[in-house]
Structure formats: C-alpha cells, structure tokens
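The values are calculated or read from the model by the stated rules, or taken from the named source; none is laboratory data. Here the structure is a predicted model, which means the values were calculated and not measured. We place every Cβ from the backbone using ideal geometry, glycine too, and count neighbours over all the protein chains shown. What goes into the accessible areas is simple: the full protein's heavy atoms, side chains included, and nothing from ligands, DNA or RNA. Shrake-Rupley method; radii C 1.70, N 1.55, O 1.52, S 1.80 Å.
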Protein chains: 2
Amino acid sequence: MNALLITSAEENYLKAIFKIAEKDPGAVLTNALAAEMGTSAASATDMLKRLSDKKLVVYEKYRGVKLSEAGNRIATNLIRKHRLWEVFLVDKLGFAWDEVHDFAEQLEHIQGEQLTERLDDFIGNPRFDPHGDPIPDAQGKWLRRTQTRFLTLASGQRGIITGVDDHSPGFLQYLGELGLGLGAELELLERTAYDQSSKVRIGAHHAVLSEKVGQNLFVRIL
Amino acid sequence: MNALLITSAEENYLKAIFKIAEKDPGAVLTNALAAEMGTSAASATDMLKRLSDKKLVVYEKYRGVKLSEAGNRIATNLIRKHRLWEVFLVDKLGFAWDEVHDFAEQLEHIQGEQLTERLDDFIGNPRFDPHGDPIPDAQGKWLRRTQTRFLTLASGQRGIITGVDDHSPGFLQYLGELGLGLGAELELLERTAYDQSSKVRIGAHHAVLSEKVGQNLFVRIL
DNA sequence: AAATATTTTTAGGCTTGTCTAAAAATAAAA
DNA sequence: TTTTATTTTTAGACAAGCCTAAAAATATTT
Ligand SMILES: [Mn+2]
Ligand SMILES: [Mn+2]
Ligand SMILES: [Mn+2]
Ligand SMILES: [Mn+2]
C-alpha cells in the first residue's frame, strides 16, 4: 500500500513534533522544533515543507505544524522501537539506564517490522521502558497510567518511583546514587516551603531532594 | 585520537573493497567495486576519491584501489559487527539463516564499541556466524580455518557443512530443505563426470546436488 | 602499429539535509 | 496606532551520494 520512503532525518523530526505536542498540546512552532532538533529554524522550515508534501504533517505557514494520521503512526512506531531497544540494552546487555539512550537513538531507525516484533517477544513484551515511559503496542495503542509528580506528595506519604521527566545521564546517574531507581520506594518526611526541597527516607537512610529533582520525578502514591 | 567521521556509505564501500580483495587478491578495480555496490562506475570513482582523501584507501587512477591500514581496520570491524548481529538474530530472536542478512546490513552501522563488546558477550563470543563465516575479534584478528570445497570430495568421503560461498536466501533456503544446515553431515556416494552433479546421503535419505550447489558448499572432511 | 573495444574518469546535474544572512510576517510595546 | 521586537520564511550556499553522457586512458585485436 503505502510504500513511500521516509528518511531517518524525517523520522527524527516527526518524533520531535510528537514529543513537543505531547508536553504542550496544540500546533508546534518552528522555533520549538528547531530547538528540539538542534538545527536552525531555516532547516526546520525546509523539513516541514518536505513532510507536508509527503502528507505526514499539516503545516500552515507562520501558524505551526501538527502530525497527520500517517505522521503520528510513524512517530509512535519510532518511539516503540526506541523504547523496546532500550529495554533490550538494559535487561539483556546489562547497560545502566543512563547509558542506553544514544544507542536507542540509532537502533530505532532499523527497518523491519518482523525484527521489532521478535525483539518485543524476546524481551517479554514490556509495557514500560527503563525510564518508566510507556511503550506503545504494535497497533500504536498507548497504555494510560496514573502517575503523580513527586512534588505533589504531601508529608508522610509514600510513593514508588514510576518515571522521570528528565532523561539526561546526569540526572539518572544522580538518582542511581541516591538509590532511586525505577520501582524504588520513598517517603516524604518534610517539604521545605522556602525552596520546595524535600526531606525523604529511602529505605534505611535519609536524603534531601532539591526542587529540580522533585519536579523531574514521577511516583505512584502508596 | 582518530576522530574522523565515517559515513555508512563509506563503510559499505570499504567492506565491498575488502570482500572483493578477499576472493581475488590484488588491487580492486572500479567496475568490480561498482558492481558489488550496485552503483555506477562514476559513483565508485567519486567515493574512491573521498576515501583516498581520508587515507582509508590507496588509490591510483586507472590502476585500482587497496585498503589502507585504517581502512582495513574499519572494514574488519564492520564485518565483525555484521556477523555478531547475525548470530544474535538467529540464536536469540529465532530468525532463519536466510533472513538475517538485510537486518545485519543495517545493524552493522550502529556506533558504539561498548555495544559491540556487550553483544559479543551476550551471544557467547561466537567464532563463526550463522553461515559459517569467521568473526574477527575486537583486535581484528581472524581465525584461520581449514575447509574444503564440497566439489573436491571423493566418492565415499564424508563431510560436515562448515560454510557457504553463496549467501542468497534462495540458496540457503534450498539447503535448508535438503536438511543441509551448518554442521549437517553428508556422504558423497558418487559424482557424475558429465555434469559434476553429486549423489549424496544426508542422514537417512539420498539427494542429488548440482554442480552449482557443490561449488557453493564448504565442508570439513571427516 | 593502427584500429577497435573496454574501462575509467570527468563534467554536469539532482536530492537531501544542513548552514547563514536577509526579507517578510506576526506579535508586543509604546 | 505606530514603532519595535520576535518569529518565521526565503535566498543562496555547501557537502554527500547518487545519476547519465561524454571524454580520456588503457587493453585487445587485427
Ligand atoms: Mn530514550
Ligand atoms: Mn533518532
Ligand atoms: Mn551495511
Ligand atoms: Mn553472514
């Protein structure tokens, strides 16, 4: 049916549009896209014209861009592959959760539906990646989750880490040092009104999390 | 140290030069390279100039090309990655030996030494790929093997399949149907002088292999 | 050795994906 | 409602990889 050729660059732009719209629904502006891609606004405009020609986005000059049905499908599948490979790298090859993103950034572009599905089976059809992000299924369906930003926890409440909003190696490594991997349990002892820092108990020992850390942590309240 | 950027296209050309020189030592000619790459001679010449600028080949106009030390290192590492991924696809994901080449052709370009080494460990540091081809180690060292072309077998001799000289899905599937996977044992009952076809015994049953099949099969004589 | 055939290179062109600088459109401020 | 600032697009360039057609070099025949 649909045998049009999509380049890796086009895939990456589609994914970037998806990610921006995910956080901030509505039309994605050129500058935001260029920033996400690390390219100039002129390059983003160029690409938007190409993607529009291929009917992968709906683009209105000066007004921003949205993914079309086809574009959304491609972006979703790319994210699926990215996250499946991340699970493979962590679960099977023993990488740490802060080491896998760049590899997955390459592996997500490997073509071949059969490969994706066999990989999915091999790693046990995971629903979440090593950072707690949901993995869409082969039909592009997302699993809805109830997770709360750690900063909304009240004193005395306990939670289990279910995700992070910052995927940088620096943040992930820092969490690791604190014993805060995915699935770790912590209790909010006290939140300082002045700077929104949080005194927490993690297993046996105590720690203080800055507002920045608290903002980037998701938990399931126990 | 050596932080020059090599594109996937350049890697593929280097590998092609390596493969041609492997079968037919000496300088590789432009037409042979173009044929191997499925491009025009003009494109091959273009690429040879680029590779020469980057000191990855020693290229003399009209005389042919040879890999430099650096070029050889890159080609060898690419073949290493290609074959390691093939083992992964067959051993871990359950693909057949005729299904993996195209995936490996993509996966071989994934960058990251750590990934290659962890993959190698994960699949048990294999010395040969699913087609019986040797896998160079991380230092680029090749294991020398003694394998014989099936056609040199004399009547009454038995052998174990150790490799194939034709990697096309068609040939590999045909071998599979005959029960002739890697490691399969067969006995040459009789060779017909007229057309070099071979009557063989494979386990319990008999078969006739054409000269073409015989030419593309390698065995270790028992 | 000259003519012919083959191989290889050059010339010129095209697409993709990037850039910088300038122009145009939109939004914000005075 | 002008003026100013910001955002976005256009214009023009460039490198990588590919192509076809023509020219040049090399090899083979006669
Ligand atoms: Mn990631
Ligand atoms: Mn990517
Ligand atoms: Mn390849
Ligand atoms: Mn192989």
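Those residues that are assigned to a helix (DSSP H, G or I) and open to solvent by less than 70 Å² (accessible area, probe 1.4 Å), I need them from region B:195-222; list them, please. Even if it seems obvious, please write down each step before you answer.
First pass over region B:195-222, keeping only residues assigned to a helix (DSSP H, G or I): B:211-215.
Across region B:195-222, the qualifying residues are B:Val213, B:Gly214.
Per-residue answers, yes or no, for (1) part of a strand (DSSP E or B); (2) of a type in the set (Gly, Ala, Ser); (3) closer than 29 Å to B:Ile74 by Cβ; (4) over 19 Å from the mean Cα position of the chain (by Cα):
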residue: B:Gly132; (1), (2), (3), (4): no, yes, yes, no
residue: B:Gly140; (1), (2), (3), (4): no, yes, yes, no
residue: B:Ile160; (1), (2), (3), (4): yes, no, no, no
residue: B:Gly179; (1), (2), (3), (4): no, yes, no, yes
residue: B:Leu182; (1), (2), (3), (4): no, no, yes, no
residue: B:Glu190; (1), (2), (3), (4): yes, no, no, yes
By residue number, the members of region A:76-105 that are within 13 Å of chain B (Cβ to nearest Cβ), charged (D, E, K, R) and part of a helix (DSSP H, G or I) are A:Lys81, A:Glu86, A:Asp91, A:Lys92, A:Asp102, A:Glu105
Report task. For region B:147-170, indicate whether the set of residues that are among the charged types (D, E, K, R) and within 14 Å of chain A (Cβ to nearest Cβ) is non-empty. Result -> no
Flagged in region B:152-186 as closer than 16 Å to B:Ser198 by Cα and either touching a Ser or Thr at 6+ places or on another chain (Cβ under 7 Å) or surrounded by 18 or more Cβ atoms within 10 Å (Cβ to Cβ) (or both), in numbering order, are B:Leu153, B:Gly159, B:Ile161, B:Leu175, B:Leu180, B:Leu186
Restricting attention to region B:182-209, the residues that are touching a residue at least 12 places away in the same chain (Cβ under 8 Å), among the polar types (S, T, N, Q) and touching a strand residue (DSSP E or B) at 6+ places or on another chain (Cβ under 8 Å) number exactly 2
Those residues of region B:46-75 which are under 30 Å from B:Asn125 (Cβ atoms) and open to solvent by 10 Å² or more (accessible area, probe 1.4 Å) amount to B:Leu67, B:Ser68, B:Glu69, B:Ala70, B:Asn72, B:Arg73, B:Ile74
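Which one is nearest to the other protein chains (Cβ to nearest Cβ), of the residues in region A:106-123 that are assigned to a loop (DSSP other than H, G, I, E, B) and in contact (Cβ under 8 Å) with a residue 24 or more places away in the chain? Steps first, answer last, please.
Filtering region A:106-123 down to residues assigned to a loop (DSSP other than H, G, I, E, B) leaves A:108-112, A:123.
Add one more test, that the residue is in contact (Cβ under 8 Å) with a residue 24 or more places away in the chain, and what stays is A:108-110, A:123.
Working: A:Glu108: 11, A:His109: 8, A:Ile110: 5, A:Ile123: 10 Å.
If we take residues in region A:106-123 being assigned to a loop (DSSP other than H, G, I, E, B) and in contact (Cβ under 8 Å) with a residue 24 or more places away in the chain, then A:Ile110 is nearest to the other protein chains (Cβ to nearest Cβ).
Given the residues A:Asp129, A:Asp137, which is the only one that is in contact with a Leu (Cβ under 9 Å, 6 or more places away or on another chain) and more than 16 Å from ligand 2 (Cβ to nearest atom)?
Values: A:Asp129 fails: more than 16 Å from ligand 2 (Cβ to nearest atom).
Going through A:Asp129, A:Asp137 in turn, just one is in contact with a Leu (Cβ under 9 Å, 6 or more places away or on another chain) and more than 16 Å from ligand 2 (Cβ to nearest atom): A:Asp137.
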Exactly one of B:Ala16, B:Ala70, B:Ala27, B:Ala42 is among the aliphatic types (A, V, I, L, M) and touching a helix residue (DSSP H, G or I) at 6+ places or on another chain (Cβ under 7 Å), and that residue is B:Ala16
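Those residues that are of a type in the set (A, V, I, L, M, F, W, C) and more than 15 Å from B:Leu14 (Cβ to Cβ), I need them from region B:28-69; list them, please.
Filtering region B:28-69 for residues of a type in the set (A, V, I, L, M, F, W, C) gives B:28-29, B:32-35, B:37, B:41-42, B:44, B:47-48, B:51, B:56-58, B:65, B:67.
If the condition is that a residue be of a type in the set (A, V, I, L, M, F, W, C) and more than 15 Å from B:Leu14 (Cβ to Cβ), then B:Leu29, B:Ala35, B:Ala41, B:Ala42 are the ones that fit.
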Within region B:95-121, residues over 18 Å from B:His167 (Cα atoms), surrounded by fewer than 19 Cβ atoms within 10 Å (Cβ to Cβ) and more than 16 Å from ligand 2 (Cβ to nearest atom) come out as B:Glu113, B:Gln114, B:Thr116, B:Glu117, B:Arg118, B:Asp121
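Identify, from the list B:Ala104, B:Ala96, the residue that is out of contact with any Phe, Trp or Tyr (no Cβ under 8 Å at 6 or more places or on another chain) and of a type in the set (A, V, I, L, M). Can you show your working first?
On the way: B:Ala104 fails: out of contact with any Phe, Trp or Tyr (no Cβ under 8 Å at 6 or more places or on another chain).
None of the others qualify; the one that does is B:Ala96.
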